[in-house]
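The values are calculated or read from the model by the stated rules, or taken from the named source; none is laboratory data. Here the structure is a predicted model, which means the values were calculated and not measured. Every residue, glycine as well, gets a Cβ built from its backbone with ideal geometry; the counts of neighbours run over all protein chains shown. We work out accessible area using only protein heavy atoms, side chains counted, and drop any ligands, DNA or RNA first. Shrake-Rupley method; radii C 1.70, N 1.55, O 1.52, S 1.80 Å.
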Amino acid sequence: MNKLFQPFIQLDSSLNRQYSGTGLGLSLVKRITALHGGIVSVSSEVGKGSCFTVCIPYHPSPQQQTTLEELKYYNQSQQPTGMRTSKPALPAPLILLAEDNQATIDTMSGYLESRGYRLILAKNGQQAIDFTKTTEPDLIVMDIQMPVIDGLEAMRHIRNQLINIPIIAVTALAMSAIAKLV
């Protein structure tokens with residue numbers, strides 16, 4: 001477990017190992033998370049699998065500031081009904097998912113909705129720009145390769161309009177342009 005986040009280390013170092021890869025993925029996740037002031041943790045049980053958790057601090061804009069008391073209540077509201085107080089829950093954060101691949105949409109939306117987030121779906125970059133203007137989401141998850149306007153160009157438009165919403169770029173491509181933009 002202590003070698004999981006080190007670059008180029010594989011648990012099976014034999015020449016005929018069963019799994020391929022460079023062992024770089026988790027190291028990159030840890031570095032990127034640390035650059036954002038966050039942490040990565042892992043829990044694992046033999047025969048059952050592993051769970052990786054990425055925690056990145058979120059600093060809302062002044063108009064979205066939430067008091068500590070509201071956060072405590074929001075966390076309580078996620079507990080079973082018998083443990084809730086009578087105060088109404090805060091609205092769940094709104095995430096704009098900009099993605100055109102249906103399998104990815106199903107996977108990400110299923111996960112995010114199961115965690116209580118509200119979602120808006122944009123199937124191309126132009127829709128993402130338009131929805132950002134009209135709905136003011138708390139977070140944007142943006143695919144880079146999309147029709148009409150690609151994700152990079154959509155992010156440029158959003159940033160040029162001085163809309164300061166956190167954006168997570170999602171892609172299978174390794175591109176230095178993403179780091180420069182975001």
Search the structure for amide H atoms under 5 Å from the amide H of LEU119, placed 1.01 Å from N in the peptide plane, and list their residues when 5 or more places away or on another chain. ILE95
Just to check I understand the Karplus step: with θ = phi - 60° and J = 6.51 cos²θ - 1.76 cosθ + 1.60, what whole-Hz values come out for region 38-51, glycine and proline as x? x, 9, 10, 10, 9, 10, 8, 9, 4, x, 10, x, 10, 10
Return one quarter of the surface area of the convex hull spanned by the alpha-carbon atoms of region 100-161, equal to its mean projected area, in nm². 4.0
By accessible area with a 1.4 Å probe, ligands and nucleic acids excluded, highest first: order of GLU99, GLU153, GLU136, GLU113: GLU136, GLU113, GLU153, GLU99
Would you mind checking region 94-112 for residues with the amide N under 12 Å from a putative spin-label position 7 Å along Cα→C-beta of LEU119? 95-112
